[in-house]
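K.L.:
Can you keep this structure in mind? I'll have questions shortly.
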Amino acid sequence: MRRFSKRVPLTLAVMALIVAACGGDGGGATTTAATDQGGSTTAPAGTDAPATTASPSEDAVTLSFLYDDNPVTIATAEALVAAFTATHPNVTFETETRPGGGEGDNLVKTRLATGEMTDVFWYNTGSLFQALNPTETIVPITDEPYIENIVDSFLPTVTAEGGVYGVPSQTAMGGGVLYNKTVYEDLGLSVPTTWEEFAANNDAILAAGITPVGQTYTDTWTSQLFVLADYYNIQTQDPDWAEKYTNNQAKYVDQPALAGFEHLQEGFEKGWYQENFGSTTFDDGLVLLANGEIAHYPMLTFALDAIAQNDAEAVQNIGFFGQPGNDAATHGTTIWMPAGIYIASTSEQQEVAKEFLAFVASLEGVDAMTAAVAPQGPYMIEGASLPEDTLPAVLDIQAYIDAGATAPALEFLSPIKGPNLEFLTVEVGSGLSTAADAAALYDEDVIAQAQQLGLPGW
Amino acid sequence: MNQRTEATSEVGSLSAGGTATVPSALGVEHRPTKTRLLAHKAYPHSFYIPAAIVYAVLFIVPTGMAFFFSLTRWSLFDWEFIGFENFVLFFNRPALVSSMRNTLIYAVVTSGLKVVLGLLLAVLFTSMIRLKTVMRSMVFFPVIVSIVAVGITFKILMHPSEGLINKTIELLGGVGPSWLTDPQIALLSVALVDVWRGVGIALVIFIAGIVSIPEEYTDAVRIDGGAWARFRHVIVPLSRNATFTVILLSLIGGLRSFDLIWTMTGGGPGFTTDVIASAIFKQYQAGFYGLSTAGNVILFIAVSIIVFPLMRYFNRKELDL
């Protein structure tokens, strides 16, 4: 007994550790009950029987909904669910979160392939959407009236073989460079419109003892921005580049596409990045930018919400410009399309699910989103406008859109996106590899993707 | 009696049976004798059916399917037979080839250190020192902690500017390296954590091996030589079975290691700490299910090529005490 009692505290300590480790995981299902007995509210008073006069959509219905665990996504999805159930009290949502990134891609694919998907789900548009085999796994909404509400430029990103499959879940985003306006004012700099000007600004910032560019390689996906956000510049030089790329006729090893990799290498060689960029996280990067410890952070504008959550004042001090290219006359920015909301073809509640999608693609849906999350770019719904308190960086993006100086990111124009880009860009940005070598490896990397999709010419 | 008997009983409580059970778990056992063959016939064939069904459904069928799907381009929704293209692709990718090299380095380093440290600690903890039960528990403790928890903890401890390790080095006047982001040492950093985490198992096996060495040898050496002689001529050669077990176990563990590397570096920076298992996992995440299955077949073959000859060699050299 003595021996046993000695080990009890030890065992408890271990169990506490294990429980703590498990508790950190996101995910899990929660039920958002708009009303406890959805059906009974519409039932005629004094009868126990369910409403016989109600149309099918007024019966009590449970709709399951899967979305990723990004805080912005959660806030948006919850706001949409709450606003929808307020006008549809018979609908109860069972919501579920999933990890983002490759892990989430896998989960969604597996659940679709095994017929275990929720009724409606939130997932990327563009190349990732194409990999879901949408014609078999997702309900087409091509002929629904609310397709009219959606901005035309969004539709190709959720279209497969002529059918439309999803509605936009958020605002579009800009992909380029977030910058600290105080640093710019203090040093008397102006927003660069060419890469040369950008490099000159960085030299001045470095001379002033501030880190010019933040890189955050603990979250490897953040390393891709210099390459991906350069797509606008590729397109201005070769308007058909995306099509050639899909047809195996254009490569990253050649200009104009190589420039993105070269920028990353230049930044490392010129010492633009902060110390220990290899152990810096995305969240750290946002704090550094807000504090003015780094002047630029190549990023998507969805990061603005995360900055606002930490410090509502600091985010007013963040501006945005498109990644500069060679020519000031054509300066513009790359745009990321929002994720879509789709209906799984295995859903037994397709009518109600379509009503939900109609709500998401309406101005009421937009209002619900705006109330929950500050817009990070323009909405993809016709007639939706940005509120008065829109963040300055978002207004910067809007200015590019108004000027017509935007292009969608490559992943919305071509189904090909290799999985190893983020590791290759980390190598270039860390000085472990050169731009040319990494670009060549990336061209190899996408071959498997193209073959998997069965594209002609690969 | 003396300290030996006491040690045996303690080891029994930790490893439930000592040396006798550990090697047999690896198939390192004596060739079946005639009596044992006769014993097999004592059971009617119907007795084997339940186990055979479980084995077939859970092991043979999935293995066969894996071999098949490694020859296809598989998207979960449909598949296309492409022969050995996946294998060709695998060996043409520099990142995947370097992952094989990293796996070998990782397996050899962790296995080697676990043998050396495990043996030294076992000698210490079977000697007459105070608090050895407590210290044994402390060395064994990391084994029962979740690997992911260990990985996350050490990732924080090894942070180049904020981590406790480098803060300590700074206090002592030095400058600590970037443990996990310097491509030169990142793999070794993870390997060291793996050794810290896994040396407890090696320790238990070695203790079991050492306490099962018959008294007479120790007594003889006590007359003829000192402590070094005891270590060199009694403990090292006579705990050979335990050494083989530790080498095999840790080598197999090192070859298929994944969880610690994934939580600590994710294979980075770049591909510098990618091992076969993490490289396969990335292909799987990317949706290349056929290619990742081919990677698993390669891992299976690689482990077999390394481990089976070793096992045969060890079996031949096995000692009867």
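The values are calculated or read from the model by the stated rules, or taken from the named source; none is laboratory data. Model, not experiment: these values are computed from the prediction. Here Cβ is always computed from backbone atoms with ideal geometry, including for glycine, and neighbour counts include all displayed protein chains. Note: areas computed on protein heavy atoms with side chains; ligands, DNA, RNA excluded. Shrake-Rupley method; radii C 1.70, N 1.55, O 1.52, S 1.80 Å.
K.L.:
Which members of region B:164-176 meet the condition of being buried (at least 16 other Cβ atoms within 10 Å of the Cβ), modelled with pLDDT of 90 or more and either facing another protein chain (nearest Cβ under 10 Å) or over 27 Å from B:Phe140 (Cβ atoms) (or both)?
P.N.:
The one that is buried (at least 16 other Cβ atoms within 10 Å of the Cβ), modelled with pLDDT of 90 or more and either facing another protein chain (nearest Cβ under 10 Å) or over 27 Å from B:Phe140 (Cβ atoms) (or both): B:Asn166.
K.L.:
Do you know which of the residues in region A:111-131 that are modelled with pLDDT of 90 or more and open to solvent by less than 10 Å² (accessible area, probe 1.4 Å) is farthest from the chain's Cα centre (by Cα)?
P.N.:
Out of the qualifying residues, it is A:Thr118.
K.L.:
Taking the criterion of being open to solvent by 40 Å² or more (accessible area, probe 1.4 Å) and closer than 25 Å to B:Ile235 by Cβ, would at least one residue in region B:201-209 satisfy it?
P.N.:
Scanning region B:201-209 turns up at least one residue that is open to solvent by 40 Å² or more (accessible area, probe 1.4 Å) and closer than 25 Å to B:Ile235 by Cβ.
K.L.:
Now for a different question. For A:Phe302, only one of the following conditions fails: (1) surrounded by fewer than 20 Cβ atoms within 10 Å (Cβ to Cβ); (2) aromatic (Phe, Trp, Tyr); (3) modelled with pLDDT under 90. What is its number?
P.N.:
The number of the failed condition is (1).
K.L.:
Are any residues in region A:133-150 more than 14 Å from chain B (Cβ to nearest Cβ), touching a Gly at 6+ places or on another chain (Cβ under 9 Å) and open to solvent by 20 Å² or more (accessible area, probe 1.4 Å), and if so, which ones?
P.N.:
Across region A:133-150, the qualifying residues are A:Pro140, A:Thr142, A:Asn149.
K.L.:
Moving on. Is there a residue being under 20 Å from the mean Cα position of the chain (by Cα), open to solvent by less than 20 Å² (accessible area, probe 1.4 Å) and among the aliphatic types (A, V, I, L, M) anywhere in region A:263-281?
P.N.:
No.
K.L.:
Is it fair to say A:Thr92 is farther than 27 Å from B:Gln285 by Cβ and open to solvent by 20 Å² or more (accessible area, probe 1.4 Å)?
P.N.:
It is true that A:Thr92 is farther than 27 Å from B:Gln285 by Cβ and open to solvent by 20 Å² or more (accessible area, probe 1.4 Å).
K.L.:
Of the residues that sit in region A:327-357 and are among the polar types (S, T, N, Q) and more than 19 Å from the chain's Cα centre (by Cα), which one is least open to solvent (accessible area, probe 1.4 Å)?
P.N.:
A:Ser347
K.L.:
Could I ask something else about it? Among the helices (runs of 4 or more DSSP H) lying completely within region A:358-458, list those that include at least 1 residues that are more than 12 Å from chain B (Cβ to nearest Cβ) and surrounded by fewer than 17 Cβ atoms within 10 Å (Cβ to Cβ).
P.N.:
Filter on region A:358-458 gives A:363-372, A:392-402, A:435-452.
K.L.:
Within region B:265-273, identify whether any single residue is part of a helix (DSSP H, G or I) and either modelled with pLDDT of 90 or more or open to solvent by less than 10 Å² (accessible area, probe 1.4 Å) (or both), and answer yes or no.
P.N.:
no
Yes/no per residue for (1) within 14 Å of chain A (Cβ to nearest Cβ); (2) small (Gly, Ala, Ser); (3) part of a helix (DSSP H, G or I):
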| residue | (1), (2), (3) |
| --- | --- |
| B:Ser257 | no, yes, no |
| B:Trp262 | yes, no, yes |
| B:Ala277 | no, yes, yes |
| B:Gln283 | yes, no, yes |
| B:Leu299 | no, no, yes |
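K.L.:
Grab the helices (runs of 4 or more DSSP H) fully contained in region A:98-193, keeping just those with 2 or more residues being among the aliphatic types (A, V, I, L, M).
P.N.:
A:101-113, A:181-187
K.L.:
Can you confirm whether A:Gly104 is within 13 Å of another protein chain (Cβ to nearest Cβ), over 25 Å from A:Thr370 (Cβ atoms), touching an Asp or Glu at 6+ places or on another chain (Cβ under 6 Å) and open to solvent by less than 40 Å² (accessible area, probe 1.4 Å)?
P.N.:
yes
K.L.:
Exactly one of these conditions fails for B:Gly198: (1) open to solvent by less than 50 Å² (accessible area, probe 1.4 Å); (2) part of a helix (DSSP H, G or I); (3) within 14 Å of another protein chain (Cβ to nearest Cβ); (4) not aliphatic (A, V, I, L, M). Give me its number.
P.N.:
Unmet for B:Gly198, out of (1) open to solvent by less than 50 Å² (accessible area, probe 1.4 Å); (2) part of a helix (DSSP H, G or I); (3) within 14 Å of another protein chain (Cβ to nearest Cβ); (4) not aliphatic (A, V, I, L, M): (3).
K.L.:
Would you confirm whether any residue within region B:85-107 is in a helix (DSSP H, G or I), more than 30 Å from A:Asp443 (Cβ to Cβ) and not aromatic (Phe, Trp, Tyr)?
P.N.:
Yes, the conditions are met somewhere in region B:85-107.
K.L.:
Could you list, in sequence order, the residues of region A:164-195 that are open to solvent by less than 10 Å² (accessible area, probe 1.4 Å) and within 20 Å of A:Ser345 (Cα to Cα)?
P.N.:
A:Gly166, A:Val167, A:Pro168, A:Ser169
K.L.:
Tell me, which residue of region B:68-101 that is open to solvent by less than 90 Å² (accessible area, probe 1.4 Å) and among the aromatic types (Phe, Trp, Tyr) is farthest from the other protein chains (Cβ to nearest Cβ)?
P.N.:
The residue in question is B:Phe68.
K.L.:
Taking the condition assigned to a helix (DSSP H, G or I) and in contact with a Phe, Trp or Tyr (Cβ under 7 Å, 6 or more places away or on another chain), does B:Ala149 pass?
P.N.:
So B:Ala149 does not fit the description; no.
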